[in-house]
């Protein structure tokens, strides 16, 4: 059994567990989790959810850098955009940006790289601006884009 537990490493591993399993941060404060941790290491004082949540910005920036590097190394990429519209008068919604790429060793890789808030109506211009922000964030060069596909466009409206 380990003699020492580094608090920084513990917070990071707990944050990675929450993210990997899609759990709410409240799981850290659950009775079952505490029973398990006390059984395994009763000598360790485990951090609460608010402390573990502080690891998210660092994890997010590391993941962004890793994805940027993977995308830069791809021979070609394509994007699929999918929209969800709110049932409000503003007609706002979300756009998911899904990437499919091919690596130098001819392997396909797929990832959902963004969920963008789309305020107001879903026009071609609004969609283009939102996608452009994503492409800049992930350092995607236009010459590497093989195609961009959207859903059926039933939420799209004409206009600028």
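Remarks
- Over all Cα atoms in the range 65-150, the spread is summed up by Rg and Dmax: 13.8, 48 Å.
- Beta bridges from DSSP with both residues in the chain: antiparallel share about 75 percent, rounded to the nearest 5.
- Packing-based exposure ordering (other Cβ within 10 Å, fewest first) of 148, 71, 105: 105, 148, 71
- Mean-position separation - Cα centroids, the range 1-57 and the range 102-123, in angstrom: 31
- The stretch between residue 98 and residue 6 holds 29.5 nm of extra length on full extension. This uses 0.36 nm per residue minus the Cα-Cα distance.
- Its convex hull of Cα atoms gives the chain a direction-averaged projected area, equal to a quarter of the hull surface, of 13.3 nm².
- The modelled label-to-label distance between residue 117 and residue 45, using points 7 Å beyond Cα along the C-beta direction, is 3.8 nm.
- Reduced Cα scattering model of the range 7-54, Debye log10 I(q)/I(0), q = 0.26, 0.28, 0.33 Å⁻¹: -1.05, -1.19, -1.39
- Summarising the label geometry, the points placed 7 Å from Cα in the beta-carbon direction at residue 141 and residue 106 lie 2.3 nm from one another.
- Cα shape, the range 46-100, gyration tensor, a/c 1.5 rule: oblate
Quick note: the coordinates plus some simple rules give every number you see, no bench work behind them. On a predicted model such as this, the values are computed, not experimentally measured, just so you know. Quick reminder, even Gly has a Cβ in these numbers, built from the backbone with ideal geometry, and neighbours come from all protein chains shown.
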